[in-house]
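The values are calculated or read from the model by the stated rules, or taken from the named source; none is laboratory data. What you are looking at is a predicted structure, and each value in this text was computed from that prediction instead of being measured. With ideal geometry, Cβ positions are generated from the backbone for all residues, glycine too; neighbour counts draw on all protein chains shown.
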Amino acid sequence: MLAQPRGGSWPRRLRRRIALILLACFMNLQAQSVDSEPRIDALLARMTLEEKAGQMSQSTSMRSPLSEEIKEQIRRGRWGSFLNAGSAADRAEAQRIATRESRLGIPLLFGRDVIHGYRTIFPIPLGQAASWNPELIRQAARAAAREAAADGIHWTFAPMIDITRDPRWGRIAESLGEDPYLTATLGAAMVRGFQEEGLAACAKHYAGYGAAEGGRDYNTTWIPERLLREVYLPPFQAAREAGVLTFMSGFNALNGIPATGNEFLLRRVLRGEWGFDGFVVSDYESVTEMVRHGVARDAAEAALRALRAGVDMEMVSTSFYDHLPALVRAGKADPKLLDEAVRRILRIKLRLGLFEPEAPPATASIQPLEVARRLSAQSVVLLKNRDGVLPLPKGIGKIAVIGPLADSPVDQMGTWVMDGRAEEVITPLAALRNLLGPDRVLWAPGLKNSRDGSRAGFPAAASAARSAEAVVLFLGEEQILSGEARSRAFLGLPGAQDALVEEVAAAGRPVIAVILAGRPLTFSSVASRARAVLYAWHPGTMGGPALADLLFGNAVPSGKLAVSFPRTAGQVPVYYSHLHTGRPPAPDESGIPTGTPVEPKGFTSKYLDVDVTPEYPFGFGLSYTTFEYSNLRLSAAGVPRGAAITVSADIANTGRLEAEEVVQLYVRDPVASVARPVRELKGFERIRLKPGEKRTLRFSLSTGQLAFYDERMQRVTEPGLFQVWVAPDSVRGVAGSFTVR
């Protein structure tokens, strides 16, 4: 389904035409790529240095209506791409000028931040990752791409596949979590979804950005090469293998060298080892920011360093256009490097079909609201359900809906929403009123927003709670508290939300806490007072209906955490695939109980004042039914290197409801030449089981999946014993072992 009309009939026809043209051209990508190189050679032979530098430049200066200055710049080839530019009609006119009035007729590339939806907003990426559903995530990316392409957008700056293990970092909301295998799988699904509908994807931020010191955005990252290759690079390699057309360099300095000027990342690994032939765009002004990093004296030196490293297009700052032509003429910059960069940019424009639009074929329809509702429901994680309080009975009398996020459309959409419309969002309050009728829903916000410290709304909230049979409390953090430049030192619920929970719980009614947030928060006091906890992230346009479905049993929770939840910010970083250490804590060793004058238990790696384990582990998520794992078996006791072994286990639905379960496969190499993680995810599958149904699930595990980088930085699979688990999360499961010969 295309985006809804936003004006007269001509813009609507234009959007549809652009969407269909882009789709047709992308489906012919392979055929076009075969013919593209001679055409690129011919264009390069005709281009001036300024025109080449123009192709390597992206601007945010295009406004609506088009200025005469911008029109003239387009005619003379000043820009190769525009970011977040104008209306669909403006983009069409700019493209007409570029292709018909400029000397070379090279089309423009229009980019936009289509991060988790365009007009229809899907859950934030960290929420989508909790679905562990690559196919549904691919469908969401397809829907977003189709809506964006209908408005003349060619390129999205997604997926963000930075591994992050620090919830203080605001951009964890854009990530797919802490695990390289899960992120690689889901990120590749996003790439395929975007590009199947003609929207070029961009793997970002390459690389290591998610490991910023202190969780402070834009900060330095220090990552040893082994950790870089085993944890931070695999999702990018998976995106490359999925056919991603572009990469974006990160803001961060990696081991002292800014990613935008990092030849190891861009030339040695991306180009040399992975054979990537698309183009690399810098992040927003990250070329000239190398001056502030302290690795370039001025913009000219920064431009030269970025070019040599392998950046092909500069986002927003203008050092390429301002300095590269003069540097070439002075013999300080290699003209072949400019030609290589421009070739890669033109190659992608040709692959997208921007030079020669063709008539489109018919394609399968997409229902974005349906996909959004399903993905929102599957992204929600049930963290607690004492005494089976959920689902609520459909015949319940009145419920109290309380909290600042029950009816806040903007906050529900989450970070990085440029084209979603608040008036199209269905909030939980609206959905519950629609489901139960307005007379059965008592509404009291309690607070003006998540940061509000006033208690003026508490009496009304407490009164509503006393008048209801159950209370649904919508808590968390606003949109403005997560995303880029939104790092937080403390992870608790902001404002007076803890006090609101205490006040409402005093009414004595069952309390269900629904938390909407862009990151893992710490909320143990809330969890102790609530009978049930649903973690809903920022769930997007259809979050309200999805939550109503879950609260009343029209859907069963199946989400699993893609990131570990700390008990306190002082534990960060906390993640499941850590090393064992030489002095691991005992299973029951959790420090010194408060107020107890005892000595700590031994000299082990722990805290004195908090349990060393996470509050909720990676992969965790409850259901309204129960699942039993049993009978793990292996196809052989040992396997030769280069072969595969089959790991099987039985999963049974032992409860009363039909439901889906995400079954996870983990391994450990307990003795190796370098220390290995206590567990590593190597596979997963989402299955649906009826009550009483049992199914045997089989995973094929190759010895290549057991490889790691040794002391000489060679990727090896060492012989020996390996442990394996088929599990509902990263700390439980049925176990076995086998040997690699």
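Can you work out which of the residues in the range 468-491 that are charged (D, E, K, R) and more than 15 Å from residue 167 (Cα to Cα) is surrounded by the most Cβ atoms within 10 Å (Cβ to Cβ)?
478
Given (1) at pLDDT 95 or above; (2) surrounded by fewer than 22 Cβ atoms within 10 Å (Cβ to Cβ); (3) closer than 15 Å to residue 108 by Cβ, identify the lone condition not met by residue 84.
Here residue 84 clears every test but (1).
Of all residues in the range 445-467, how many are surrounded by fewer than 24 Cβ atoms within 10 Å (Cβ to Cβ) and not in a helix (DSSP H, G or I)?
So the answer is 11.
Has the range 343-362 got any residue that is under 30 Å from residue 542 (Cβ atoms), small (Gly, Ala, Ser), surrounded by 20 or more Cβ atoms within 10 Å (Cβ to Cβ) and touching a residue at least 40 places away in the same chain (Cβ under 8 Å)?
Scanning the range 343-362 turns up no residue that is under 30 Å from residue 542 (Cβ atoms), small (Gly, Ala, Ser), surrounded by 20 or more Cβ atoms within 10 Å (Cβ to Cβ) and touching a residue at least 40 places away in the same chain (Cβ under 8 Å).
So which residues in the range 434-448 are out of contact with any helix residue (DSSP H, G or I) (no Cβ under 8 Å at 6 or more places or on another chain) and either closer than 25 Å to residue 502 by Cα or among the small types (Gly, Ala, Ser) (or both), if there are any at all?
Selection gives 437, 440, 448.
Do you know which residues across the range 273-290 are part of a helix (DSSP H, G or I) and surrounded by 17 or more Cβ atoms within 10 Å (Cβ to Cβ)?
289, 290
Does residue 524 satisfy the criteria of being among the hydroxyl-bearing types (Ser, Thr, Tyr), under 20 Å from the mean Cα position of the chain (by Cα) and modelled with pLDDT of 95 or more?
So residue 524 does not fit the description; no.
Restricting the search to the range 122-137, which residues are closer than 19 Å to residue 167 by Cβ and part of a helix (DSSP H, G or I)?
125, 126, 127, 128, 129 - these are the residues of the range 122-137 that are closer than 19 Å to residue 167 by Cβ and part of a helix (DSSP H, G or I).
Suppose we filter 96, 119, 192, 168 for residues that are within 30 Å of residue 49 (Cβ to Cβ), surrounded by fewer than 24 Cβ atoms within 10 Å (Cβ to Cβ), in the same structural domain as residue 41 (by TED's automatic domain parsing) and among the basic types (Lys, Arg); which single one remains?
Answer to the check: 96.
Filter the range 68-85 for residues that are more than 15 Å from residue 152 (Cβ to Cβ), assigned to a loop (DSSP other than H, G, I, E, B) and under 36 Å from the mean Cα position of the chain (by Cα) and give the result.
Scanning the range 68-85 gives 77, 78, 79, 80.
Run down 245, 270, 266, 227 and say which single residue is aliphatic (A, V, I, L, M) and surrounded by fewer than 18 Cβ atoms within 10 Å (Cβ to Cβ).
Going through 245, 270, 266, 227 in turn, just one is aliphatic (A, V, I, L, M) and surrounded by fewer than 18 Cβ atoms within 10 Å (Cβ to Cβ): 227.
From the residues in the range 293-320 that are under 16 Å from residue 52 (Cβ atoms) and among the acidic types (Asp, Glu), which one is surrounded by the most Cβ atoms within 10 Å (Cβ to Cβ)?
Restricting to residues being under 16 Å from residue 52 (Cβ atoms) and among the acidic types (Asp, Glu), the top hit is 314.
Which count do you get for residues in the range 372-416 that are on the phi < 0 side of the Ramachandran plot and touching a His at 6+ places or on another chain (Cβ under 8 Å)?
First, pick out the residues of the range 372-416 that are on the phi < 0 side of the Ramachandran plot: 372-386, 389-402, 404-413, 415.
Restricting the remaining residues to those that are touching a His at 6+ places or on another chain (Cβ under 8 Å) gives 411-413, 415.
Qualifying residue count for the region: 4.
Quick one: would you say residue 423 is part of a helix (DSSP H, G or I) and over 21 Å from residue 512 (Cβ atoms)?
yes
What are the pairs, 6+ residues apart or on separate chains, where a residue within the range 234-247 that is closer than 18 Å to residue 179 by Cβ and in the same structural domain as residue 343 (by TED's automatic domain parsing) has its Cβ under 6 Å from a residue that is among the polar types (S, T, N, Q) and assigned to a helix (DSSP H, G or I)?
235/183
Among what's in the range 372-411 and is in contact with a Pro (Cβ under 6 Å, 6 or more places away or on another chain) and of a type in the set (Gly, Ala, Ser), pick the residue that is farthest from residue 125 (Cα to Cα).
406
Name the residues in the range 698-734 that are part of a loop (DSSP other than H, G, I, E, B) and more than 28 Å from the chain's Cα centre (by Cα), would you?
Passing the criteria: 710, 711, 712, 713, 714, 717, 718, 719.
From the list 47, 27, which residue is at pLDDT below 95, of a type in the set (A, V, I, L, M, F, W, C) and surrounded by 14 or more Cβ atoms within 10 Å (Cβ to Cβ)?
Testing whether each residue is at pLDDT below 95, of a type in the set (A, V, I, L, M, F, W, C) and surrounded by 14 or more Cβ atoms within 10 Å (Cβ to Cβ) leaves just 27.
Part of a loop (DSSP other than H, G, I, E, B), in contact with a Gly (Cβ under 6 Å, 6 or more places away or on another chain) and surrounded by fewer than 18 Cβ atoms within 10 Å (Cβ to Cβ): does that describe residue 64?
In short, yes.
Just need a number here: residues in the range 181-240 that are within 20 Å of residue 482 (Cα to Cα), part of a helix (DSSP H, G or I) and out of contact with any helix residue (DSSP H, G or I) (no Cβ under 9 Å at 6 or more places or on another chain).
Number satisfying all stated conditions: 2.
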